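Participant: The structure that follows is given in the form of structure tokens.
The values are calculated or read from the model by the stated rules, or taken from the named source; none is laboratory data. Please read these numbers as outputs of a predicted model, since none were measured by experiment. Because the Cβ atoms are built from the backbone with ideal geometry, glycine has one as well, and the counts that use them run over all protein chains shown. Remember, those area values only see protein heavy atoms, side chains included, never the ligands or the DNA or RNA. Shrake-Rupley method; radii C 1.70, N 1.55, O 1.52, S 1.80 Å.
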Amino acid sequence: MAEERKIPYKIYLEESEMPDAWYNVRADMKHKPAPLLNPVTLQPMTAQELGEVFCEELVKQELNNDDRYIEIPKKIRDFYRMYRPAPLVRAYCLEEKLQTPAKIYYKFEGNNTSGSHKLNSAIAQAFYAKDQGLKGVTTETGAGQWGTALSMACSYLDLDCIVFMVKCSYEQKPFRREVMRTYGASVTPSPSETTRIGRQILAEHPGTSGSLGCAISEAVEVATHTEGYRYVLGSVLNQVALHQSIIGTETKIAMDKYGIRPDIIIGCAGGGSNLAGLIAPFMGEKLRGEADYHFIAVEPASCPSFTRGVYAYDYCDTGKVCPLAKMYTLGSGFIPSPSHSGGLRYHGMSPVLSQLYHDGYMEARAVEQTSVFAAAEQFARVEGILPAPESSHAIRVAIDEAMKCKETGEEKTILFGLTGTGYFDMFAYEKYHNGEMTDYIPSDEDLKAGFDGLPAFPGNGI
Ligand SMILES: *Cc1c(COP(=O)(O)O)cnc(C)c1O
């Protein structure tokens, strides 16, 4: 292996090599993702309708299926420079530990205080809100990474930030909450008494510990009822996938510099934004017929949107106030078991990734959380980074693929997205270490209850 060491452990880009545009994979898709629908008229949402919820420029990005590149405004590029480029790491130590002929690389997005890739889109969304002269934004957060990223971006731009945090996380992760407050955000546990929908959910389910779907409904309600505020979302939407393309674009530039070509590209998938971003330029090549890659989306077995969901229009939130999105979904009423990968507990999946998966461009795998934590620990012990449980889903499958190479002797090049760090997830690690972690897999009956709540209208193939 010694002669291969000419590829460094960490490949950094110069600031001058950083991308100045996001790549919009939709421009290269033959079948575009299905449009968002107005839940009442069932017609595609117009820019004007979307503008009541989202900022103008973000609405344009949401609807833009044609422009391949969208310039990153200078103020956002300056912010990116504070914590980017993110390193592309050759996992020499892990390869050696596994005794695999595979070459493993990971793109590490945890080098910022929010601890994840979410800051890449948070700064973009906050920038456009400020640019439009808004006073503030509202959002929801589950595990807390998105709320933290958004509060950092808002404080940088002097924008008010209102976060509805899923109640069980609010209680279990007080430190995340305090990071958000350090950056000036107001944080309310959801469901709350402060909104109409929150009061309704509390009346129907007293003592509920909340869900992302509830928190979204509350955040949208406040945004649409408060002058000068709009709602922002940390995943799922086309615009978020667009902003996250910075991950894949940087990766591709770094790999091209050294003539590295990945065979397999792996990412965890909650709402799909980091995976969409990581694979974007590679998927573009595949769509244009210029190269081939094996893409793998990894999701928790407890919330298996791709592997066991249906491809249909569904509500994005529990309160059914958001537009309908066509996506792989478990139904907006599906409440996943309390797993330790909060960031992967969403019932639906990015419409962009859903279309690509539906068209056969991607594989999806579901993995159980104890095996995910085993992989996390194995990785932490040799590579030094304490990974987030979400990210560890990708590590699990990267290790599985590397072990297959060991059996077959193939020297495949594996790339995976290491989306963040797990310092706020030590309760989960503790459970794992104490042998108290369980693997919950929903039964077909559990799933059926979710599917029964899908909106029924002609053409919604369910
Ligand atoms: C939110 C989050 C995810 C999942 O979100 P996607 O939109 O699917 O990327 C993965 N990893 C970390 C660390 C997260 O915070």
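Yes/no matrix, rows are residues, columns are (1) open to solvent by 70 Å² or more (accessible area, probe 1.4 Å); (2) over 30 Å from ASP158 (Cβ atoms); (3) polar (S, T, N, Q):
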site	(1), (2), (3)
LYS6	yes, yes, no
LEU36	no, yes, no
LEU42	no, yes, no
CYS93	no, yes, no
LEU98	no, yes, no
THR113	yes, no, yes
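Participant: Out of region 89-108, which residues are in a loop (DSSP other than H, G, I, E, B) and either closer than 11 Å to ILE385 by Cβ or without any contact (Cβ under 8 Å) to a residue 24 or more places away in the chain (or both)?
Facilitator: First pass over region 89-108, keeping only residues in a loop (DSSP other than H, G, I, E, B): 91, 99-102.
The one that is in a loop (DSSP other than H, G, I, E, B) and either closer than 11 Å to ILE385 by Cβ or without any contact (Cβ under 8 Å) to a residue 24 or more places away in the chain (or both): ALA91.
Participant: Could you tell me whether LYS118 is in contact with a Gly (Cβ under 9 Å, 6 or more places away or on another chain), surrounded by fewer than 19 Cβ atoms within 10 Å (Cβ to Cβ) and in contact (Cβ under 8 Å) with a residue 40 or more places away in the chain? Let's see the steps before the verdict.
Facilitator: Values: in contact with a Gly (Cβ under 9 Å, 6 or more places away or on another chain): yes; surrounded by fewer than 19 Cβ atoms within 10 Å (Cβ to Cβ): no; in contact (Cβ under 8 Å) with a residue 40 or more places away in the chain: yes.
No; evaluated as a whole, the condition is false for this residue.
Participant: Just give me the residues in region 375-426 being within 14 Å of the ligand (Cβ to nearest atom), open to solvent by 10 Å² or more (accessible area, probe 1.4 Å) and among the hydrophobic types (A, V, I, L, M, F, W, C), in sequence order.
Facilitator: Hits for region 375-426 are ILE385, LEU386, PHE424.
Participant: In the set ASP314, ASP256, which member is surrounded by fewer than 22 Cβ atoms within 10 Å (Cβ to Cβ) and at pLDDT 95 or above?
Facilitator: On the way: ASP314 fails: surrounded by fewer than 22 Cβ atoms within 10 Å (Cβ to Cβ).
ASP256 is the lone residue from the list that is surrounded by fewer than 22 Cβ atoms within 10 Å (Cβ to Cβ) and at pLDDT 95 or above.
Participant: Which of the residues belonging to region 362-384 are over 16 Å from GLU401 (Cβ atoms) and either touching a strand residue (DSSP E or B) at 6+ places or on another chain (Cβ under 7 Å) or in a helix (DSSP H, G or I) (or both)? Give the steps one after another, and end with the answer.
Facilitator: As a first pass, look at region 362-384 and keep what is over 16 Å from GLU401 (Cβ atoms): 368-370, 373, 376-377, 380-384.
Residues satisfying the conditions are GLN369, THR370, PHE373, ALA376, GLU377, ALA380, ARG381, VAL382, GLU383.
Participant: Taking TYR328 as the residue in question, decide whether it is at negative phi, within 14 Å of the ligand (Cβ to nearest atom), part of a helix (DSSP H, G or I) and open to solvent by 20 Å² or more (accessible area, probe 1.4 Å). Give the steps one after another, and end with the answer.
Facilitator: Working: at negative phi: yes; within 14 Å of the ligand (Cβ to nearest atom): yes; part of a helix (DSSP H, G or I): no; open to solvent by 20 Å² or more (accessible area, probe 1.4 Å): yes.
No.
Participant: So THR148 clears everything in (1) buried (at least 24 other Cβ atoms within 10 Å of the Cβ); (2) more than 14 Å from the ligand (Cβ to nearest atom); (3) of a type outside the set (Gly, Ala, Ser) except one condition, right? Which one?
Facilitator: (2)
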